[in-house]
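A short worksheet on the structure shown next.
The values are calculated or read from the model by the stated rules, or taken from the named source; none is laboratory data. All of these numbers come straight from a predicted model, not from anything done at the bench. Here the Cβ positions follow ideal geometry from the backbone for every residue, glycine too, while neighbour counts run over all protein chains shown.
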Amino acid sequence: MSSRVSTGARPGARFAQFKLVLLGESAVGKSSLVLRFVKDQFDDYRESTIGAAFLTQTISLDDATTVKFEIWDTAGQERYKSLAPMYYRNANCAVVVYDITQASSLDKAKSWVKELQRQANENIIIALAGNKSDLVAEHPDKRAITTADAEAYAREAGLLFFETSAKTAENVRELFTAIARKLPLEQAGNRGMRANPRQGVDLRPEAPGTQGGGACNC
Amino acid sequence: MATSSIQTSPASKMNSTPGAFPSTPASAEAPSPSVVSSQLSLSQAVHQRRAEYTRSRRIKVKVGTWNVASLSGTEKDVGGWFVDGKGVSESLSGLDLKDDGEPRSNGHNGSPDIESVASQEERRSKKRSTIPKNDPGFVPGGDEIGLYVLGLQEIVDISSVAEALRPYSDPHPGRKWKQAVAESLPHGYQRVAEQQLIGLFLVIYASSEIAPTISSVSTTSVGTGLGGYMGNKGAVTARIVLGETTRMVFVNCHLTAGVEKGNLERRNWDASQILQRTKFDPVYDGGGVMEEFGEGIGDEDFAFWFGDLNYRLESMPGEDVRRLLMLHTRNEYGAHGAQQPSSKKIENELAKPESLSFSRNQEAANRPSENDTSSTHISVGNASDPSVASSITVLPSQESLDPASDPASLQTTLSSLLAHDQLHSQMRSRKAFHDGWREGIIDFLPTYKYDVGSVGMFDSSEKQRGPSWCDRILYRTRKDRLDYDQKVRDEEMARKKDNEMKLQGVVDAVTDESVLFDYDPETDGADNENNAVNEQSPDPEFMTTKAGFEDKLSLDYYKSHQRVLSSDHKPLDAVFTLDYDAVDLEMKARIHQEVARELDRAENEGRPVVTIVVDHQKETDSTHTDSSSPKFEGVDFGHVKYDHVKTRSVTIANTGRVPATVGFVDRSIESGRPGGVAPPWLKIDFDRPPDNKNSNPGALQEHTLQPGDAVNVELTLHVDDLDLVRRLGDKVETLEDVLVLRIHNGRDYFLPLRGDWLQSAFGRSIEKLVRIPEGGVRRWQHQRPDGSSHGDEGVKWSAPREVFRLTEAIEDLVERALAQWGMTGDADNAPWDKDVGWPFRGWLMEGKQRAMLKETVREGLDSDQPFSETFPPEIDSLQRLEAVAETLVQFLESLEDGIVTEALWLELEKGMLEREKARKTLSEEDERMWILDTLSNAPAHSVSFTFVTFMLARVGNEVAPWNIPLECGKAEGVPAQVAPRMKRPEVNAAYAGIFADAMIRLPAASKGKERKASETRRKHVVEVFLKATLDDGS
Ligand SMILES: Nc1nc2c(ncn2[C@@H]2O[C@H](COP(=O)(O)OP(=O)(O)O)[C@@H](O)[C@H]2O)c(=O)[nH]1
Ligand SMILES: [Mg+2]
């Protein structure tokens, strides 16, 4: 694949393309999160993924930076576990999902994190998503994993962390945006990016930093 | 059916990565039209909607230039003239009248409050501004201007060698100037660019509204001075991008001075060097992506070139020009100013009669207050040479005359002088600044050279330098440059055509037309109206910028500030109105997002989609009714037996709207297991050739399906690898796997495979076989893998039941088969006559049928059913015999340890070697005893050995009794002299060969002679048992 660098003088955008993989136990809502992010939809009933769904979604971080995600939504069933390395092997970022109403799903998520940290790209950005937050909004007793516990784990393991709901869209965009912000844009040259050191006189010394804010919750 | 099979060996790993699917198939018949948005298409799509996020904007750009001659105090004046537009002399700048003769400046018409020249000159001090007091300012300034661009020359003394050779520019003077300008600018203006090269200084300020819209600022310097590189001459340059759309270049230069011809050429050279050597950083486009290449001068939309270009008036005696012009400047002093030193000087000079080459009354004619009608004619230059001579006619002014045609008017004087302007002549003759550069109409006095402190006294020093328009402001639009390029191309074409016609000799015939193409720049150039100096065109058109926007530039003012006294050059400036499309960043961000979303949607919806249908097959070949997963979504092969081929088919249909390229990709399996697109026991065949027919066999196979098209894939499962059989038997491996079907640019489909392995006695060790319970190896089917199971079972048999049953069946069947042949067969063509190794080779049945029957034999063994029940009734004894016999050989071969294990064999061979060395031989009987004795260390092996050899002797007896000669009963044609040989030894030898190989396991092969001897020993070990005359031998 030739590098996707803009040629000629046509104006475009700072543009980076990254591979993102979703991992996690079956039925925690991986596909639903992708559907929400890509199409802004939610289905109560979703066919389980057999194989790996592939989608793309572009987000703009600010007027100067566009990040395109190539999303691989993998099947969560145990049967296909051995195929997961195909998808995380070259991934730049991973979203490991658990269901906040299912205690076991966090254990599974932790094992994915461990595997990623051992086997995946050294610089992979990992985000932990505790999904189905809408369920506990109505019935707090349904919660099986406290936010504090998950947050503590995420901090310790160096992960981005969000509690999300694919159903209500809560924190879904924030999750992906936070990942995009954390990605090393300068190093994405091979995929069509170059840094933008404004030269000459800095015109906007007081310009509000759109880049710096960061939505990282952890 | 064209068949292509996918390699089941570990295929090239390069394709194992999602997203790295083999690119477009080699066969171009079905190019994949999948939408893949890239940065390029995104930015293009955004660009197409630019009308939605650009707003046309209008700003005024003021460009000023001044050679300050390194004089202190000059910085006190810069705010006054450059920012506030003051110091323009009403009468000496054509300011007083517009074309229509109406007063130009609001309220300035003869504004009485303005300080007089006399008082201005009188109070001059280096410490204070020399700008006239109460000057309201004629040139627009203050916050009317969006962009202030100031070019200064000689802010340090460049005649000083020390300065010229400095490796860096002294920043102090620059600071002084920045401070001076910043103090006079209205609040909020920001410096956006600056560049200094020794005495050259360029600084750009933008209003608070404009500054944030400026990007891609790049500044640079080019020295063309001493040695062609020093910075005492040269240019400082800035490139900015306005509103993310409009590229602007500002060149502030100081070219070589001097009136000599060489100086002129050097100026042209300086300019060409500046053009060539100026290189800017690449532009960051709308979103911040850097363009591939940096730019030079010429890539911009609007360029402004200004400074002390140093071009002079050609062929004009300086003193004449001085006098002529001072006839105009004297008027500035008025009645009260006559006592001014400057005024006196002027009057003195004008009073010198000998120096004037024109008549006396000229003086009077140039006083507008007077009304003299006499005409004056001055000759300037060498009148004897018409090519350099020119004449200036100064006529007395008449009230009714338009100043432009009024021979006594300033404008007329200027026009006649401008005809000698070197810059204009260089432009006309295309030696410099010819490629599209324009200049506004010069309606002000030459800006050089004055006595410092004087409004109108031209250089009164000894040198009395000829006044010249050294200081200029040129500009050029992108369109100007392109038009020029086009013109050059057109001329080139015309010339070529002309030459061609001349060559063809047609020129005479079409003389009239050829005139059209007859172009000679030397002679025609000056007349060519296109070649004329581009002066401000009255009505500038919109032009398309590099980025594809519509912009327009028009010049509003081009003025010198005659009443600035602090330098020997007068400053000048130009005000432009620029209409351009500026990007509204917020709107653009919104459009960008929208476009990205649309592209994503199109891309995701345009992805290829296939449907995979697994043709579920009901199990017919087994009693298996496993319903543990009735909705198993993959390919279920059902029961799988050793060496039994099973196939399943899968249909891949393109159910999407775009062609789909599909292929199985390398599965990433945990380490320790082979990768590849399929496990070793599976073969994948498509019912059509792959896209890349000709590529190497290891390459991944892709198939492109048009919408509505489908391809059938046959999956063939075959387990014949004994290692695998053992692992399956030990349950350390299962027939489960997942194929990964990748849709190029689409998703991956997982296709799980499943087979239910049926236990087999094949491939096991004698130790395990003797533990198989009654009922056969299938009894182990549902036991947990290994460990507990076999040990607990304990030894059930003295030798494997399979060996017993097979040998027994052979013994039984051989009699029946022979009897059958005797009744129905062709006596002359008995299989045992054709091959002495029969029934263990030389079979009558062909392979396929044998394979089928052997399966029944194995099934009989593994499920412990009598062969008589498992064989279909129509299979006769001879066929059964062949199947059982071959099965036995294969079974023995498959044994993990062999009937004669490696260790046993080594022991046997050792004994035989010792005897060979000692030249001892045993009787056959003793040898058999010795062999059995040696084997008896492993009783089950020993018993099995006995079963086999006993059986062989029996079979031998049947097919070749000791008394039957080999050729017995053969055709009459056999010559009598061929002595009949005994057949039995040959049969024995054949059997011994076959079974020695099947039963005896060898250490790693030895070679040559050794091997041959060893082979003989092996055969001997079997053969010696066949020689025994068995008690039932007759
Ligand atoms: N209430 C609720 N249900 C969800 C949410 N996300 C997914 N689900 C449901 O959980 C089930 C499994 O979701 P799916 O996306 O297929 O999970 P996956 O196997 O991880 O891809 C589906 O029935 C979804 O409707 C959520 O945020 N809230
Ligand atoms: Mg899913």
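Values for this structure:
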read-out: Residue list for segment B:583-618, filter: over 21 Å from B:Val635 (Cβ atoms), within 10 Å of chain A (Cβ to nearest Cβ) and of a type in the set (Val, Ile, Thr); value: B:Val583, B:Val595
read-out: Residue, nearest to A:Arg79 (Cα to Cα), within segment A:14-50, restricted to residues that are more than 12 Å from ligand 1 (Cβ to nearest atom) and assigned to a strand (DSSP E or B); value: A:Val21
read-out: Number of positions in segment B:542-582 that are within 14 Å of chain A (Cβ to nearest Cβ) and not in a loop (DSSP other than H, G, I, E, B); value: 3
read-out: Count of residues meeting criterion [under 17 Å from B:Arg428 (Cα atoms) and not in a helix (DSSP H, G or I)] in segment B:474-492; value: 3
read-out: Residue in segment A:116-132 that is in contact with a strand residue (DSSP E or B) (Cβ under 8 Å, 6 or more places away or on another chain), over 19 Å from A:Ala180 (Cα atoms) and within 16 Å of ligand 1 (Cβ to nearest atom) present; value: yes
read-out: Boolean, B:His187 is outside any strand (DSSP E or B), under 17 Å from B:Ser70 (Cβ atoms) and away from chain A (no Cβ under 12 Å); value: no
read-out: Residue in segment B:491-508 that is over 16 Å from B:Arg312 (Cα atoms), in contact (Cβ under 8 Å) with a residue 60 or more places away in the chain and not hydroxyl-bearing (Ser, Thr, Tyr) present; value: no
read-out: Subset of segment B:150-187 [among the small types (Gly, Ala, Ser), touching a helix residue (DSSP H, G or I) at 6+ places or on another chain (Cβ under 8 Å) and over 20 Å from B:Asn310 (Cα atoms)]; value: B:Ala180, B:Ser184
read-out: Which numbered condition A:Ala94 misses (of (1) small (Gly, Ala, Ser); (2) away from ligand 1 (no atom under 15 Å from the Cβ); (3) within 17 Å of A:Phe162 (Cα to Cα)); value: (2)
read-out: Only one of B:Arg657, B:Arg648 that is in a strand (DSSP E or B), of a type in the set (D, E, K, R) and either modelled with pLDDT under 90 or in contact with a His (Cβ under 9 Å, 6 or more places away or on another chain) (or both); value: B:Arg648
read-out: Members of segment A:58-91 that are within 16 Å of ligand 1 (Cβ to nearest atom), in a strand (DSSP E or B) and facing chain B (nearest Cβ under 7 Å); value: A:Trp72
read-out: Which numbered condition A:Gln41 fails, given (1) polar (S, T, N, Q); (2) at the interface with chain B (Cβ under 10 Å from one of its Cβ atoms); (3) within 16 Å of ligand 2 (Cβ to nearest atom); value: (2)
read-out: Residue list for segment B:567-595, filter: modelled with pLDDT under 95 and among the polar types (S, T, N, Q); value: B:Gln593
read-out: So B:Asp723, is it out of contact with any strand residue (DSSP E or B) (no Cβ under 9 Å at 6 or more places or on another chain), away from every other protein chain (no Cβ under 14 Å), more than 14 Å from B:Phe664 (Cα to Cα) and outside any loop (DSSP other than H, G, I, E, B); value: yes
